[in-house]
Amino acid sequence: MKRFLKWFLIVGAAGVVLLASAILVIPLIYDAEDFKPQIQSMLSNAAGRPVKLAGDIGFSIFPWTGFSIAGIEIENPQGFSERHFLTVKSFDIKVALIPLLSKDIQVRHVRMESPRLVLETTGDGRSNWEDLGKSPDAEPAETTPSAPSGDKGPLQVKAFKVDEITVSGGETIWIDRGAEVRKTLSNMDLRLENISLASPIRLAFSARLDGDPISIQGSVGPVGDPPGAAPLPLDLTVAALEVLTVHLKGNADPSAATPSFQASIELDPFSPKKLADRLGQPLKTSDPDALKRLSLTADVKGDAGSAALSNGRLTLDDANLDFSLTVQRFDRPDIRFDMRLDDINLDRYLPPASAETPETDAASSPSSTPPDRAALRRLLLSGTAHIDRLAVSGGEFRDIGLTVSAKDGVFTLDPLDLALYGGTLHATAAADLREATPRSRVQATMNGVSMGPLLVAFAGKDILAGTGSGAVSLRTAGDTQELVKRHLNGNGDLLFTDGAIKGVDLTRMVQNAKSLLTLEKQPPLLGRTDFSEFKSMFTIDDGVVTVSEASLTAPLMRFNARGKADLTDETLDFRAEPKIVASLQGKGDEKKRSGFEIPLLITGGFDDPKIRPDPAALLRQIEDLPASIEKSKSEIEKQLEEKKGQLDAILKRKKPEEEGKNAQPSKEETVSDFLKKLPFGQ
């Protein structure tokens with residue numbers, strides 16, 4: 001037994017010596033350059049295109065089995081702008097030898113220096129990577145028979161660990177010749193540490209995209225054993241342009257039947273203005289402090305067929321938007337959303353008033369090709385929104401609530417409710433995009449709205465005061481302003497109370513016209529027409545508004561008007577018929593009105609309407625003036641004669657004790673003499 005053990009030790013020692021000698025001697029006997037043709041051939045077959053090794057090849061065995069190669073070049077197929085698909089200045093890998101004997105893979109490092117990768121697509125849709133791995137002489141693959149039950153299959157790895165993988169000085173170029181786009185990712189540095197199946201992999205990446213810096217820091221994994229059998233954790237921070245920083249924490253699950261992901265996203269506050277400056281597209285706003293702060297947080301999850309955002313909050317300056325969003329079926333998107341915005345002033349984000357904006361005339365230079373609405377017709381949409389306060393164009397809306405839906409090219413807004421200058425507005429609307437010419441309709445009801453501030457805010461005109469209510473129903477067709485006005489149809493009724501028409505004194509204008517006839521002193525114009533009630537009913541036919549009934553009740557006058565307004569030509573043609581009343585006591589005194597009623601004609605354009613008395617009616621009243629005066633005189637004489645008779649009846653009554661006295665002068669003669677002295681005669 002002792003003798004056997006002795007020889008066993010001798011043989012073992014000799015084996016170790018021989019192995020150590022082989023490890024030291026083999027690299028001296030064999031030159032790795034002798035194997036370059038075989039290595040090139042092997043790599044070319046694997047890549048499916050020529051691979052050239054332009055530099056030296058290095059090889060080592062102990063204590064680390066190492067392999068290095070310099071000057072790797074993989075060519076592009078014919079028809080691409082760049083000669084090489086991939087070039088690598090040097091590649092080096094070192095693996096521990098002894099652990100390999102027990103299926104324990106321990107890699108000291110994998111290093112790649114100055115790789116340059118070019119990804120290119122041509123105008124006809126070909127790409128320079130689509131044939132990678134396909135040997136031009138390869139026969140169609142045959143079905144491989146299943147391995148015998150005793151076959152253990154692929155090599156079983158007991159342990160796997162890589163200390164580090166580094167890529168330095170890399171460059172990736174993206175070329176899309178069809179879209180004429182070229183993007184360059186340069187100065188690429190990648191470092192992966194502590195790579196194993198059971199622990200997180202530390203990652204650090206930095207580069208410059210078209211000169212702008214980007215970076216990724218964090219960890220990925222653990223990968224799991226076997227890899228992909230469990231969700232892959234992610235904890236990454238992405239920084240770009242020295243302005244944007246995004247934190248992503250979650251996991252990806254490649255093991256599921258449909259690979260999926262879920263994560264929380266946090267976008268650190270940044271200045272959109274600074275980002276625009278970095279991109280060479282500076283933003284100018286009317287408020288210099290606008291667009292200085294934007295942040296975002298949300299939970300996101302999805303798979304190949306859907307995506308969802310929940311618990312979302314976007315903050316822009318002082319405005320906060322809470323939202324959720326889901327998208328199903330990306331080929332025919334089904335979008336559902338819910339959002340709430342607290343307070344935003346859109347005027348802050350408009351260009352400054354001094355900024356010159358080129359004007360375009362859509363009617364004079366229409367697009368040669370109609371817009372493609374196919375994507376909108378495929379869209380399915382359903383969502384609700386609420387805005388506490390929205391300021392725009394100098395005005396504001398409050399408590400806005402709306403519901404939007406879309407299906408098969410029909411978009412519906414039902415309802416839209418909001419608070420508006422002391423009143424409310426309720427509306428429904430729809431847009432039909434199924435045909436080449438879009439069609440739309442709107443129905444709205446307004447109640448108790450203060451019209452003065454509304455018109456000043458949104459029209460810039462202080463022309464009307466009062467409280468407005470009413471309803472309108474409109475429909476139209478077209479996608480330009482001119483077409484919309486030309487095809488506008490509908491009807492409506494409006495009522496304004498306790499207000500005034502500013503800039504015109506209709507009452508004084510009519511009184512002055514009367515004064516010209518009667519030679520009375522003309523009262524001064526007040527510059528406004530106060531009214532207790534102003535109501536109107538109208539219809540619209542192909543852009544022409546016809547007012548069938550409109551009335552205005554002023555303190556000393558009533559107006560009835562009718563006429564037309566052409567929205568396309570922006571012209572007016574109205575006739576207002578005033579009725580002057582005798583007192584301020586209201587409608588009950590209309591019977592006491594004057595005999596002079598001079599209609600007014602309202603013509604001209606929307607921006608400069610002309611208001612003047614109707615000359616034909618004025619001439620008729622002048623012609624009828626003598627008859628009117630004579631008629632008025634006769635009526636007065638008749639009334640006085642009646643009063644005279646009543647007075648005479650009173651004076652003729654005598655008391656019984658006065659009978660038989662001396663006759664006195666007749667009272668009848670005295671009254672008659674008095675009446676003769678009056679200016680209206682006998």
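Readers should treat all values here as calculations from the given coordinates under stated rules, not as data from a laboratory. Small disclaimer: the values here were computed from a predicted structure and weren't measured. Cβ atoms come from the backbone with ideal geometry, glycine included; neighbour counts cover every protein chain shown.
Would you report the distance distribution of C-alpha pairs in region 529-584 as whole percents per 5 angstrom bin, up to the bin with the largest distance?
Bin by bin from 0 Å, the calculated values are 5, 19, 24, 19, 15, 10, 6, 2, 1.
Exceeding 22 Å between C-alpha atoms, which entries from my cross-link table qualify? They are Lys249/Lys273; Lys52/Lys103; Lys535/Lys564; Lys249/Lys274; Lys103/Lys161; Lys183/Lys284.
Exceeds cut-off: Lys249/Lys273; Lys52/Lys103; Lys249/Lys274; Lys183/Lys284.
Go through 316-326, 176-186 and give me the packing order, highest mean Cβ count within 10 Å leading.
My ranking of the peptides, most packed first, is 316-326, 176-186.
What Kirkwood hydrodynamic radius, in Å, does region 240-351 give when the mean of 1/r is taken over all pairs of distinct Cα atoms and then inverted?
Kirkwood hydrodynamic radius for region 240-351: 16.0 Å.
By average Cβ neighbour count within 10 Å, what is the ranking of 37-47, 472-482 from highest down?
Highest mean packing first, the order is 472-482, 37-47.
Per residue, how big is the convex hull of region 165-289 when only Cα atoms are used? Give it in Å³.
Cα convex hull per residue, to the nearest whole number: 161 Å³.
Based on the mean of other beta carbon atoms within 10 Å per residue, what is the order of 206-213, 424-431, most packed first?
Output ranking for 206-213, 424-431: 424-431, 206-213.
Tabulate in residue order the Karplus-calculated ³J(HN,Hα) for region 200-206, using 6.51 cos²θ - 1.76 cosθ + 1.60 with θ = phi - 60°, rounded to whole Hz; enter x for Gly and Pro.
x, 9, 7, 10, 9, 9, 9
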